[in-house]
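The values are calculated or read from the model by the stated rules, or taken from the named source; none is laboratory data. Keep in mind it's a predicted model, so treat the numbers as computed, not measured. As a convention, Cβ positions derive from the backbone with ideal geometry for all residues, glycine included, and neighbour counts pool all protein chains shown. Surface accessibility is based on the protein's heavy atoms, side chains included, excluding ligands, DNA and RNA. Shrake-Rupley method; radii C 1.70, N 1.55, O 1.52, S 1.80 Å.
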Amino acid sequence: MADADIEKARRFRNPGFGRRQATPHSKGRQIDPDAVAEVSSLLAEAPRDRALLIEHLHLIQDRYGCLSARDLHALAHLMNIPQAEAFEVASFYAHFDIVMEGESPPPPLTIRVCDSLSCEMAGAKKILEDLPGAVGAEVRVIRAPCMGRCDKAPVAEVGHKHHTETTIARLAEAARARDVQPVIPDYQALDAYCAEGGYSQLQRCLEGAVDPDALAEEIDESNLRGLGGAGFKTGLKWKLVRQVQGPRLMAVNGDEGEPGTIKDLHYLTRKPHQFLEGMLIAAWVVEAEQVYIYMRDEYPEVLQILANEIPKLHAAGLSPHTEIIVRRGAGAYICGEESAMIESIEGKRGLPRHRPPFVAQVGLFGRPTLVNNVETLYWVPEILARGADWFRSQGRHGRSGLRSYSVSGRVKNPGVKLAPAGVTIRELINEYCGGMADGHVFKGYLPGGASGGILPARLDSIPLDFDTLQEYDCFIGSAAIVVLSDADNAADAALNLMRFFEDESCGQCTPCRAGTEKAVKLMSSGQPWDRPLLEELSAVMMDASICGLGQAAPNPLLSVLKHFPEDVPS
């Protein structure tokens with residue numbers, strides 16, 4: 001294959017190659033046959049399908065530590081796409097390093113230091129300031145958004161290995177030792193899961209012992225809702241997708257990039273097969289011919305676990321009804337939005353689509369597509385085993401179901417807390433987190449991550465669930481709870497979150513792209529906040545942005561103006 005690719009490159013470089021009337025060169029950028037040979041060897045027998053562009057970019061980035069212009073030209077040539085298309089996709093994602101002609105490649109090792117809210121509260125800013133001097137010029141130190149380990153802040157990634165509760169000395173030692181490979185935790189593999197009754201619910205489906213419509217109805221009766229943030233009823237979504245003429249596909253959203261969210265990583269590194277069984281059941285219900293698992297690049301250990309376990313499912317005959325395909329994200333929070341995720345799975349920039357049509361009608365590769373979150377699918381086998389009444393009967397304060405609350409910040413025992421839906425923040429802190437951290441007094445909390453707003457401690461009796469926070473201009477989202485104390489300034493927290501949104505805006509729509517940038521400038525100017533201007537700017541962003549990123553970005557800012565006026569620069 002490599003020889004054919006090289007021959008093709010030579011003919012592209014010189015259309016007269018092998019002819020009597022040879023021209024010196026073709027117009028436009030020249031393709032380097034050596035680069036074609038190198039990239040072709042790297043791709044090996046992998047298809048050159050357009051949808052695999054991001055996967056192929058990862059291969060080059062992993063091998064060479066960057067994407068050189070010559071390699072991007074070669075890849076575009078091999079995939080028969082315009083060079084501009086390869087560049088625009090690669091430049092969209094934070095984990096690809098493009099090196100143009102004449103530029104120097106990045107140092108051989110990169111350390112990414114998380115600067116999201118929980119890590120900033122734990123001292124990440126100081127690490128970012130002092131670490132470059134401790135590791136030297138051969139190591140690149142850059143700031144990075146949330147890595148999904150907020151309960152163990154501060155967090156840094158050395159190569160592909162994450163270090164938690166870290167210090168400058170530990171990171172410097174890891175850099176010197178080139179300790180860069182992810183650690184695969186001791187998770188429950190296939191045999192252990194089956195030994196405790198795992199895949200019995202899927203077997204019932206495959207053996208025809210249950211009707212797909214009846215199964216979807218049971219999930220609907222359980223009141224299981226989308227736990228990625230939207231909260232749409234899961235069983236109802238399955239029914240709606242089943243009603244659309246096939247062939248159908250399924251996509252799993254494993255891109256939990258919302259700052260403060262750690263629950264998917266928690267479950268996937270412990271009981272991945274409970275999630276996989278739920279996924280295969282959902283695919284069976286909607287008759288999805290293929291299932292695409294979109295997993296964020298910040299979770300290399302999960303990607304390895306999936307690579308280990310998915311072939312076992314096929315060998316055990318547990319996936320005869322569908323094909324499982326894993327797609328690796330590349331560092332883009334916006335791809336947590338379902339249509340942006342679908343664009344990324346198709347090998348494109350993660351730009352949210354205009355709707356309608358909705359992805360249940362026209363989704364992945366133009367087909368009707370079921371999109372579910374990791375935790376949502378995780379609960380499916382247990383609900384089917386215990387019954388809809390069991391799950392629905394859980395809850396407090398008039399709510400139903402269970403929720404995995406990701407708790408970080410100023411509590412004694414942060415982490416994923418499985419609690420009844422509707423638990424209040426006081427109950428969550430006191431009953432599940434061991435109280436506030438020593439020396440800290442409860443001041444406020446984020447009920448739904450970066451986009452869910454900020455509430456003061458006096459509003460501590462609100463049930464934390466879907467549909468309970470809207471009257472306070474907040475929402476639960478993925479249940480990422482960040483607890484603030486008297487040591488924190490709410491305005492500083494809002495600025496941290498707005499900077500996150502500025503960095504992560506896809507840039508497609510002006511209200512979000514320009515609005516987040518303008519808000520950051522107004523909030524960090526060192527001058528008193530211009531409240532009327534910030535409120536007007538927020539209204540434009542919420543009313544006119546294409547997707548939830550721009551629509552929700554002002555929530556922390558408006559919350560601070562409303563509930564923490566004493567913290568606002570004046």
Determine, for each peptide in 143-152, 523-532, the mean count of other beta carbons within 10 angstrom over its residues, then list the peptides with the highest first.
143-152, 523-532
Counting C-alpha atoms alone, how compact is segment 146-251: give Rg to one decimal and Dmax as a whole number, in angstrom.
21.5, 58
Excluding same-chain residues fewer than 8 positions from LYS312, which lysines have a Cα within less than 19 Å of its Cα?
LYS271
The FRET efficiency for THR167 and ASP389, from their Cβ-Cβ distance with R0 = 60 Å and rounded to 0.05, is 0.75
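So what is Rg over Rh here for segment 383-463, counting just Cα atoms and using Kirkwood for Rh? Kindly include the intermediate steps, with their values, before the conclusion.
On the way: Rg = 13.7 Å, Rh = 13.5 Å.
We get a ratio of 1.02 for segment 383-463.
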Within segment 112-156, list the residues whose amide N lies under 13 Å from a label point set 7 Å along Cα→Cβ of VAL180.
112, 138-141
Pairwise centroid distance, computed over Cα atoms, of segment 27-72 with segment 420-474, Å:
48 Å
Return P(r) of segment 103-162 (all Cα-Cα pairs; 10 Å bins starting at 0; whole %; ordered from short to long distances).
25, 52, 21, 2
Residue-normalised 222 nm signal for the chain, counting each DSSP H run of n ≥ 4 as -39,500 (n - 2.57), nearest 500 deg cm²/dmol, is -12000 deg cm²/dmol
So what does the Cα-only Debye profile of segment 344-413 read at q = 0.15, 0.16, 0.28 Å⁻¹, as log10 I(q)/I(0), no solvent term?
-0.82, -0.86, -1.23
On a full-extension model of 0.36 nm per residue, what is the gain between HIS160 and GLN203, subtracting their alpha-carbon distance, rounded to one decimal in nm?
11.8 nm
Where only protein heavy atoms count, and the probe is 1.4 Å, what is the accessible area per residue for the chain in Å²?
40 Å²
Does a label point 7 Å from the Cα of GLU566, set along Cα-to-beta-carbon, have any residues of segment 423-465 with amide nitrogen under 17 Å, and which are they?
440-445, 455-460
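Over 20 Å between Cα atoms, which of LYS233/LYS562; LYS152/LYS263; LYS263/LYS412; LYS152/LYS412; LYS161/LYS348 qualify? Walk me through the intermediate numbers first.
On the way: LYS233/LYS562 32 Å; LYS152/LYS263 13 Å; LYS263/LYS412 18 Å; LYS152/LYS412 12 Å; LYS161/LYS348 27 Å.
LYS233/LYS562; LYS161/LYS348, as the Cα separations exceed 20 Å there.
More than 17 angstrom separation, counting every C-alpha pair in segment 77-196; what % is that?
Details: 4582 of 7140 pairs.
So the pairs more than 17 Å apart make up 64 percent of the total in segment 77-196.
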Net lengthening on full extension, HIS397/LYS521 (0.36 nm per residue, minus Cα-Cα):
40.5 nm
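What FRET efficiency do you get for ASP467 and GLN30 if R0 is 56 Å and r is their Cβ-Cβ distance, rounded to the nearest 0.05? Intermediate results must be reported in sequence, preceding the final value.
Working: r = 60 Å, r/R0 = 1.06.
Once rounded, the FRET efficiency stands at 0.40.
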Segment LEU236-GLU289, length gained on full extension (0.36 nm per residue, minus Cα span):
17.1 nm
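How do the peptides 494-500, 215-221 rank, highest first, by the average count of neighbouring beta carbon atoms within 10 Å per residue?
Going from most to least packed, we get 494-500, 215-221.
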Could you give the Stokes-Einstein D for the chain in µm² per second, using the C-alpha Kirkwood radius, 20 °C, 1.002 mPa s?
85 µm²/s
Log entry: pair-distance distribution for segment 440-562, C-alpha pairs binned every 10 Å from zero, whole % per bin is 14, 46, 33, 7, 0
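For the peptides 264-274, 86-96, what is the packing order when you average, over each peptide's residues, the other Cβ atoms within 10 Å and list the highest mean first? List each step's numbers first, then the result.
Working: 264-274: 21.3, 86-96: 18.7.
In descending order of packing, they fall as 264-274, 86-96.
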What cysteines in the chain have no other cysteine with a beta carbon less than 4.7 Å from their beta carbon?
CYS66, CYS146, CYS150, CYS194, CYS205, CYS335, CYS433, CYS474, CYS506, CYS509, CYS512, CYS547
Using a probe of 1.4 angstrom, how much of the accessible area of segment 45-179 is carbon and sulfur, in percent?
51 percent
Phi angles of segment 315-321, converted by Karplus (6.51 cos²θ - 1.76 cosθ + 1.60, θ = phi - 60°) into ³J(HN,Hα) in whole Hz with x for Gly and Pro, give 5, 7, x, 9, 10, x, 8
Would you mind listing how long segment 333-487 runs along its three principal axes, going by Cα atoms, in whole Å with the largest first?
54, 39, 28
Could you compute the FRET efficiency for GLU221 and LYS126, with r as their C-beta to C-beta distance and R0 at 60 Å, rounded to 0.05?
0.70
